[in-house]
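Input: a single structure, listed below in structure tokens.
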Amino acid sequence: RSASDLACKVIGLDTSLQYQVVLEGRSAGGWSSPSEIGLSISTPQPLKRAMSDLGDDRDGKRQKTQCRYYEACADFARSLPAHVQDFLNYDEHCMCYCSTCHDNRGDRPTYQRGGKCYAMPLGWARICLRYGGAQAKLLGAFSWHVAFHGTSVSALPLILGTGRLVKPGEATSALGGEAISIRGDTGRIKAPFTRKNRHTGKQELFDPCQIFCSPSIRYCDLPNYAKHTHFTSNKTEYKAKVAFQLRLRPGTYSVGQETVKAKAQIDPHISNRKS
């Protein structure tokens, strides 16, 4: 809607204070960055943050009080080492993708960004990176394609410290200048080979020394990529995994079929030929 169509009704505010209205718009492509509108009521006082209840709560702190699954996921994130905590932001754009929260929002199973389809990460919870939004805004990446990259908890400090994903064979300062190698705990392909790309229909040389990501988090959730770790919350033990949500600049990557010898469809919404 245009600004002239927007109507809000707020009750229960203290009329002696000044408030701040924060708006966030959703489209088929995703959510916009919050915009702030100053709303002055009576004498100016320190601003407080007001949030309307539209049945689509995307604030991490409120999610903690409303969804036990998100609370457990947030507890797991807060249990990560202190040097990882410096990169995490629990106050903005956190999201629970459990089936209950997903259905309550009325979200679809897939969305498009930049004309490319990606599957919603159902069964996961999103904890934002502190400077991820600023980086995406600087690069103009909010319109880029969305993908996911599964990894291990032990790799988080190296990835966050480097500030980007790196492919095997590339030297990185996080390893003291040494080249990163293909993980040995995943059963990953180690050597190049010739194959037919089932997405393009063409013969190609498949090089395993590259960064693997997928528009389906179900693919990234496989043990070849995301490695689980044990975690206890409220006396209940869980197996937790971590993954990154990425923005891919169009034209900078290639698409191919799954490489885990899947015998069935991995994601009902994303073909195995372009996983």
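The values are calculated or read from the model by the stated rules, or taken from the named source; none is laboratory data. Quick caveat: nothing in here was measured; it's all calculated off a predicted structure. Quick reminder, even Gly has a Cβ in these numbers, built from the backbone with ideal geometry, and neighbours come from all protein chains shown. Calculation scope for accessible area: heavy atoms of the full protein, side chains included, ligands and nucleic acids excluded. Shrake-Rupley method; radii C 1.70, N 1.55, O 1.52, S 1.80 Å.
Could you look through the stretch 197-221, keep only residues that are open to solvent by 30 Å² or more (accessible area, probe 1.4 Å) and within 20 Å of the chain's Cα centre (by Cα), and pick out the one that is farthest from GLY169 (Cα to Cα)?
The first filter runs over the stretch 197-221 and keeps only residues open to solvent by 30 Å² or more (accessible area, probe 1.4 Å), leaving 198-205, 207, 209-213, 218, 221.
Keeping just the survivors that are within 20 Å of the chain's Cα centre (by Cα) gives 211-213, 218, 221.
On the way: ILE211: 11, PHE212: 14, CYS213: 17, ARG218: 27, ASP221: 24 Å.
Among residues in the stretch 197-221 that are open to solvent by 30 Å² or more (accessible area, probe 1.4 Å) and within 20 Å of the chain's Cα centre (by Cα), the one farthest from GLY169 (Cα to Cα) is ARG218.
Which condition breaks for GLY114 when tested against (1) modelled with pLDDT under 95; (2) open to solvent by 20 Å² or more (accessible area, probe 1.4 Å); (3) within 26 Å of PRO223 (Cβ to Cβ)?
Every condition holds for GLY114 apart from (3).
State all residues of the stretch 258-268 that are open to solvent by 60 Å² or more (accessible area, probe 1.4 Å) and acidic (Asp, Glu); if no residue qualifies, say none. Write out each step before concluding.
Step one: of the stretch 258-268, the residues open to solvent by 60 Å² or more (accessible area, probe 1.4 Å) are 261, 263-265, 268.
Those that are open to solvent by 60 Å² or more (accessible area, probe 1.4 Å) and acidic (Asp, Glu): none in the stretch 258-268.
Write out, first by first residue and then by second, each pair whose Cβ atoms fall under 8 Å of each other, whose residues are 6+ apart or on separate chains, and whose first residue, in the stretch 230-253, is among the polar types (S, T, N, Q) while the second is assigned to a strand (DSSP E or B) and open to solvent by less than 60 Å² (accessible area, probe 1.4 Å).
As it stands, the answer is GLN245/VAL146; GLN245/ALA147; GLN245/PHE148, since those pairs meet every condition given.
Mind checking which pairs have a first residue in the stretch 147-169 that is more than 20 Å from ALA77 (Cα to Cα) and a second that is in a strand (DSSP E or B) and of a type in the set (Phe, Trp, Tyr), Cβ under 7 Å, 6 or more apart or different chains?
ALA147/TYR118
Considering only the stretch 87-102, I want to know if a residue exists there that is charged (D, E, K, R), closer than 30 Å to SER271 by Cβ, under 17 Å from the mean Cα position of the chain (by Cα) and open to solvent by 70 Å² or more (accessible area, probe 1.4 Å).
Checked the stretch 87-102: no residue is charged (D, E, K, R), closer than 30 Å to SER271 by Cβ, under 17 Å from the mean Cα position of the chain (by Cα) and open to solvent by 70 Å² or more (accessible area, probe 1.4 Å).
What number goes with the only condition from (1) under 19 Å from CYS94 (Cβ atoms); (2) of a type in the set (Phe, Trp, Tyr); (3) crowded, with 18+ Cβ neighbours inside 10 Å that PHE142 does not pass?
For PHE142, the exception is condition (3).
Can you tell me which residue in the stretch 154-171 is most open to solvent (accessible area, probe 1.4 Å), limited to those that are under 22 Å from HIS228 (Cα atoms) and either of a type in the set (Phe, Trp, Tyr) or touching a helix residue (DSSP H, G or I) at 6+ places or on another chain (Cβ under 9 Å) (or both)?
Ranking the candidates gives LEU158 first.
Being under 18 Å from ARG247 (Cα atoms) and not hydroxyl-bearing (Ser, Thr, Tyr) is the filter here; which residues of the stretch 91-123 pass it? Before you say what the answer is, go through the steps one by one.
Start the filter on the stretch 91-123 by keeping residues that are under 18 Å from ARG247 (Cα atoms), which leaves 93-95, 110-121.
Those that are under 18 Å from ARG247 (Cα atoms) and not hydroxyl-bearing (Ser, Thr, Tyr): HIS93, CYS94, MET95, GLN112, ARG113, GLY114, GLY115, LYS116, CYS117, ALA119, MET120, PRO121.
For the stretch 222-257, what are the residues that are within 22 Å of LYS190 (Cα to Cα), out of contact with any strand residue (DSSP E or B) (no Cβ under 6 Å at 6 or more places or on another chain) and open to solvent by less than 60 Å² (accessible area, probe 1.4 Å)?
Selection gives LEU222, ASN224, LYS227, VAL255, GLY256, GLN257.
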